[in-house]
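The values are calculated or read from the model by the stated rules, or taken from the named source; none is laboratory data. Please read these numbers as outputs of a predicted model, since none were measured by experiment. Glycine gets a Cβ as well: all are built from the backbone with ideal geometry, and neighbour counts include every protein chain shown. Heavy atoms of the whole protein, side chains included, go into the accessibility calculation; ligands, DNA and RNA do not. Shrake-Rupley method; radii C 1.70, N 1.55, O 1.52, S 1.80 Å.
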Amino acid sequence: MIPIHTEHPGKLPPIEPLDLLVVAPHPDDAELGMGGTIAKMRSLGMRVGVLDLTTGEPTPHGSEAIRKTETATATERLQLTWRGNAGLPNRKLQHTLESRELVASYFRVLQPRWIFAPYWEDAHPDHVAATDLIEAARFWAKLSKTDMPGERFHPERVFYYFCIHLKLAVQPSWIVDISEHWETKLAAIEAYQSQFIVGRPSEPPTMIDRLRDEAANWGRLIGRPYGEPFATKEPLGLESLLGVI
C-alpha cells in the first residue's frame with residue numbers, strides 16, 4: 001500500500017527528488033485533470049507525486065474516512081511514487097503567508113522538477129486560490145536564510161492541467177495522447193465513488209460518460225482516441241520535433 005503522508009514536510013521521510021508533482025486543491029482533482037498523463041509518465045519510469053491541499057470534505061455523500069479510503073485506492077491504481085495531504089481547509093482555501101510557507105516547504109523537501117497546478121481560471125474559489133498559492137510557493141522555495149525545511153530549490157516549470165468548473169472554450173498549449181492509459185485514469189476516477197457515482201443519475205449520459213466524451217474530444221483534436229489538455233504561461237522548449245504528433 002502506498003502511504004499518504006499527512007505529516008509536516010519537515011518530518012517527511014527522506015525521498016529521492018520527484019520528476020513531477022501534481023498539486024491538487026482536493027483529492028480527485030489530479031485524477032480528473034491528468035490521471036492519464038500521470039499513468040503514462042509512471043509507465044515511462046518517471047517519479048510522480050500528488051500533493052492534495054485539502055481533504056475535500058465535507059461533500060454530500062462523503063466523509064473524511066470515506067475520502068481517505070477512496071484516495072488510497074486511486075493512489076494504488078495510478079501507482080504514484082508519493083502522495084501527501086497538506087491539511088489546509090476545504091471550502092476556505094486561501095493564499096496566506098502560512099500556507100505559502102507550507103507548500104514551499106513541500107517543494108524544498110520533494111524537489112520536483114516540474115509542478116502541475118490547476119488552470120488559473122475557475123468558478124471554484126479553492127482552485128483559483130490553489131494556483132495563486134502554488135505560483136508564489138514556487139518562488140519562496142528558493143529563498144535562503146529561512147527556517148523552512150530542506151534545501152533552497154526552484155522547480156523548473158509550472159504547467160497547468162484542466163479541471164475546471166466553468167464552461168470555457170479553452171485553447172490548450174498542448175494535448176497528451178493518453179489512449180493507452182485511459183482505462184487506468186477511469187479506474188482512478190471511479191475509486192471516488194462518493195463523488196462521481198453515489199447520488200448521481202444512473203441514466204446515460206452519466207458523469208463518467210461525459211468525462212469519457214471530453215477525453216475523446218481532446219483525443220480527436222490530435223488524431224488519437226483519448227487526450228488530456230495542458231497550458232503553460234512560460235514558453236515551452238523542445239529539443240526536437242520527434243515527439244510531436
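Among the residues making up the stretch 216-229, those that are closer than 20 Å to L168 by Cα and surrounded by fewer than 20 Cβ atoms within 10 Å (Cβ to Cβ) are A216, N217, R220, L221, I222.
So, D126, is that one open to solvent by 70 Å² or more (accessible area, probe 1.4 Å) and either closer than 19 Å to L88 by Cβ or touching a Leu at 6+ places or on another chain (Cβ under 7 Å) (or both) or not?
no
All told, G10 falls short of being closer than 17 Å to F196 by Cα, in a helix (DSSP H, G or I) and at pLDDT 95 or above.
Test A117 against the criterion of being closer than 17 Å to V22 by Cα, part of a strand (DSSP E or B) and touching a residue at least 40 places away in the same chain (Cβ under 8 Å), and give yes or no. Yes. Inside the stretch 172-215, residues that are surrounded by 19 or more Cβ atoms within 10 Å (Cβ to Cβ) and more than 17 Å from the chain's Cα centre (by Cα) make up a count of 3. Counting the residues of the stretch 74-123 that are open to solvent by 60 Å² or more (accessible area, probe 1.4 Å) and under 23 Å from K145 (Cβ atoms) gives 3. A search for C-beta distances below 7 Å between a residue of the stretch 206-225 that is within 13 Å of E190 (Cα to Cα) and any residue that is assigned to a loop (DSSP other than H, G, I, E, B) and open to solvent by 90 Å² or more (accessible area, probe 1.4 Å), counting only pairs 6+ apart in sequence or on different chains, returns T206/R200; M207/R200.
Filtered by the rule that a residue be free of Cβ contacts under 8 Å to residues at least 24 places away in the same chain and in a helix (DSSP H, G or I), the stretch 71-114 gives L97, E98.
H154: surrounded by fewer than 16 Cβ atoms within 10 Å (Cβ to Cβ), out of contact with any strand residue (DSSP E or B) (no Cβ under 7 Å at 6 or more places or on another chain) and at pLDDT 95 or above, yes or no?
When the stated conditions are applied, H154 passes them.
Please state which one of R67, R91 is charged (D, E, K, R), touching a Pro at 6+ places or on another chain (Cβ under 9 Å) and farther than 13 Å from A191 by Cβ. Testing whether each residue is charged (D, E, K, R), touching a Pro at 6+ places or on another chain (Cβ under 9 Å) and farther than 13 Å from A191 by Cβ leaves just R91.
Can you work out which of the residues in the stretch 1-28 that are out of contact with any Phe, Trp or Tyr (no Cβ under 6 Å at 6 or more places or on another chain) and open to solvent by less than 10 Å² (accessible area, probe 1.4 Å) is farthest from Y106 (Cα to Cα)? Across the stretch 1-28, the extreme among qualifying residues is P27. Among residues that are of a type outside the set (D, E), over 23 Å from H165 (Cα atoms) and at pLDDT 95 or above, G36 is not included.
Would you confirm whether or not the stretch 17-34 contains a residue that is farther than 29 Å from Y226 by Cα and either without any contact (Cβ under 8 Å) to a residue 40 or more places away in the chain or in a loop (DSSP other than H, G, I, E, B) (or both)? The answer is yes; a qualifying residue exists.
Tallying residues that are open to solvent by 80 Å² or more (accessible area, probe 1.4 Å) and among the acidic types (D, E) within the stretch 230-241 yields 1.
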